[in-house]
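The values are calculated or read from the model by the stated rules, or taken from the named source; none is laboratory data. Only a predicted model underlies this, so the values are computations on that prediction, with no experimental measurement involved. For neighbour counting, all protein chains shown are included, and Cβ atoms are generated from backbone atoms with ideal geometry for every residue, glycine included.
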Amino acid sequence: MADAADRNGVQSVAIAAAILKALAAGGGELPLKGLTAATGMPRAKVHRYLASLRAAGLIDQDAESGHYRIGSAAVTIGLVGLGRTSPVRQVQDALPRLRDSIGETVTAAIWGDHGPTIVAMEESDHPVTMNVRMGSVLPLLSSVIGRVFLAFMPEAMTQPLVADERRKRSSGLLEKQELSELIADIRQRKVSWAQSPLLPGVDAVAAPVFDYRGKLAAVICAVGRTEAMRTDSSSPVVKAIEEAARELSHRLGHTG
């Protein structure tokens, strides 16, 4: 009897969690019909669990629309969890697995005082020669990591650095129209790749990692020799980088 009760209790927790996850995935507020569709559960069952979750403070119900939304207790739990989640730590933990899965050198960058700054690097068994190390600041216009930051950071933060790069390097940079089209493509695809962006014979691919607010938290990148690492939409390396970025974003609370 005790085992049966335990199983029922565990099942109830799983069902309640599924409802809360569906609510979060729906932007934090959904009608009963939307929750029923999202969970695939009978309407009466969802309604019964909603009543219990509401009593626990995990959800609220809007008095006017009748929609259900994330409650104050759930918000508190989430904020505590997010407060203990460091984007840099998450990225550092993920890079060795990513390197091993694709067999290429991988790096990660965050936005620092002077622009995209390398905070983690894992070299493969066949490392490439790069002038990039921990703490290196990358250019916005000519690196795949920098272009991801251009695509997802506020212009007020990136434009002074872009203007400075153009002043210091009068040739070899993308024209404004070409850059604008490239940035629009990166925003749509959520990935950036290029052949020999910084060094001849060394290709790179990068993807954005978002936090729970939908803001850019970091950029992860793989670099490898041109002859060994194909960079196009069907490339296994590109797909692996995209998947790793999505997983990291999920860990940081991003639901987009």
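Touching a residue at least 12 places away in the same chain (Cβ under 8 Å) and touching a Leu at 6+ places or on another chain (Cβ under 8 Å): does that describe residue 162? So that I can check it myself, show each step before the final result.
Numbers: touching a residue at least 12 places away in the same chain (Cβ under 8 Å): yes; touching a Leu at 6+ places or on another chain (Cβ under 8 Å): yes.
Taking the combined requirement at face value, the residue satisfies it.
Of all residues in segment 123-133, those being at pLDDT 80 or above and under 23 Å from residue 158 (Cβ atoms) number 0.
A quick yes/no check of all residues on (1) farther than 27 Å from residue 120 by Cβ; (2) at pLDDT below 95; (3) within 17 Å of the chain's Cα centre (by Cα):
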| site | (1), (2), (3) |
| --- | --- |
| 142 | no, yes, no |
| 149 | no, no, yes |
| 155 | no, yes, no |
| 164 | no, yes, no |
| 171 | yes, yes, no |
| 175 | yes, yes, no |
| 178 | yes, yes, no |
| 186 | no, yes, yes |
| 191 | no, yes, yes |
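Of everything in segment 87-113 that's assigned to a loop (DSSP other than H, G, I, E, B) and acidic (Asp, Glu), which residue is modelled with the highest pLDDT? Ranking the candidates gives 104 first. Residues in segment 210-246 that are of a type in the set (Asp, Glu), surrounded by 14 or more Cβ atoms within 10 Å (Cβ to Cβ) and either over 22 Å from residue 86 (Cβ atoms) or modelled with pLDDT of 95 or more (or both): 1 in all. Take segment 195-209 and flag every residue that is part of a strand (DSSP E or B) and modelled with pLDDT under 80. Correct list: 202 only. The lone criterion from (1) modelled with pLDDT of 80 or more; (2) exposed (fewer than 13 other Cβ atoms within 10 Å of the Cβ) left unmet by residue 8 is number (1).
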